[in-house]
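The next block holds one structure in the form of structure tokens; read it before the comments.
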Amino acid sequence: MLERIKTILGDITKQKCDAVVNAANNSLLGGGGVDGAIHRAAGSKLLDECKKLKGCETGEAITTKGYDLPAKYVIHTVGPIWHGGAQNEKDSLRKCYISVFREAKKRNIKTIAFPSISTGAYRFPVEQAVPIAVKAVKDELKQNKEITNVFFVCYDNITYNAYQTEIKNRGTQ
Ligand code: ADP
């Protein structure tokens, strides 16, 4: 199933896949980082749709249309803010990935692009987030044969290398 997982160094807003994942905040009303980039690229109709929703709990996910993005859908999920690791941050992060796949199944989504959830403004250490992300995606792909490709879209080399290394090291498992 590792052949269905790919790492890309680039901008998630440019990805032509069924769904891109937004590392949103609880309000779903936009923010910085990948959230700001997705809203800018999707256009104001995305915010209009998000305003009709009642926010999103940490670890949960909600789907909207992609509007002006090349992707058909945006699956918004809210990662945990890192507070040192003793506040269930790891479980919450794992839950984000599980929730995104649950949303994907509802809509016949076959290709999904993830950003590195929580490792930006939310300060989750990359070296701890990456194994959680890769393991969660691997586990979900085992159960979801209809998902053909998952892309980890990384914005910087450190994050990209962390995903590459993790995926390579898991090659024999
Ligand atoms: P969070 O608040 O969940 O930490 P951020 O958006 O601050 O989310 O950061 C998550 C990751 O997304 C970081 O690695 C950041 O560099 C990256 N990122 C920012 N903009 C983009 C983009 N346009 N495409 C892909 N990744 C991005």
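Antiparallel as a % of all DSSP beta bridges within the chain, to the nearest 5?
25
Where the centre of each part is set by its Cα atoms, how far does region 1-79 sit from region 119-133, in angstrom?
The two parts, judged by their Cα centres, are 18 Å apart.
Calculate, in whole percent, how much of the Cα-Cα pair population of region 68-135 lies beyond 20 Å.
Numbers: 700 of 2278 pairs.
Percentage above 20 Å: 31.
Return the single residue from I12, I81, I112 with maximal mean-square fluctuation; model: Gaussian network over the chain, springs between Cα atoms under 10 Å.
I81
Once the convex hull of the alpha carbons of region 53-173 is built, what does its volume come to per residue, in cubic angstrom? Display every interim value, and only then the final one.
On the way: hull volume 14.3 nm³, N = 121.
Dividing the Cα hull volume of region 53-173 by its residue count gives 119 Å³.
With point charges of +1 on the Cβ of Lys and Arg and -1 on the Cβ of Asp and Glu, referenced to the Cα centre of region 2-171, which listed residue (A23, A133, Y67) lies farthest in the positive direction of the dipole?
Y67
With θ taken as phi - 60° and the coefficients 6.51, -1.76 and 1.60, list the Karplus ³J(HN,Hα) couplings across region 19-27 in order, rounded to whole Hz; mark glycine and proline as x.
3J(HN,Hα) across region 19-27, in whole Hz: 9, 10, 9, 9, 7, 8, 10, 4, 6.
Please give the per residue volume of the convex hull enclosing the alpha carbon atoms of region 105-173, rounded to a whole number of Å³.
96
Modelled label-to-label distance, A86 and N157, 7 Å Cα→beta-carbon offset: nm?
Each label point is offset 7 Å from its Cα along the Cβ direction, giving 3.7 nm.
Roughly how many nanometres apart are two label points built 7 Å out from the Cα toward the Cβ at R40 and Q128?
3.0
Amide H neighbours of K65 under 5 Å, counting only residues 5+ apart in sequence or on other chains, H built in-plane at 1.01 Å?
Here the answer is V74, since their amide H atoms fall under 5 Å of that of K65.
Cα-Cα over 27 Å: which of K51/K105; K51/K135; K14/K168? Intermediate results must be reported in sequence, preceding the final value.
Numbers: K51/K105 24 Å; K51/K135 33 Å; K14/K168 25 Å.
From K51/K105; K51/K135; K14/K168, over 27 Å: K51/K135.
Given a Förster radius of 30 Å and the C-beta distance between L9 and K52 as r, what FRET efficiency does 1/(1 + (r/R0)^6) yield to the nearest 0.05?
0.30
For region 27-111, count all C-alpha to C-alpha pairs, find those more than 20 Å apart, and express that count as a whole percent of the total.
36
Considering amide H positions built from the backbone, and no H for Pro or chain starts, which residues 5 or more places from K6, or on another chain, come under 5 Å of its amide H?
Close amide H contacts, sequence-distant or interchain: V150, F151, F152.
Suppose every Lys and Arg Cβ carries +1 and every Asp and Glu Cβ carries -1, with no other charges. What dipole size does region 2-171 come out with about its Cα centre, to the nearest 20 debye?
In total the dipole reaches around 500 debye.
No value in this document is a laboratory result; all are computed from the given coordinates. Bear in mind that the values here come from a model prediction, so they are computed numbers and not experimental data. Please note: Cβ atoms are built from the backbone with ideal geometry, for glycine as well, and neighbour counts cover all protein chains shown.
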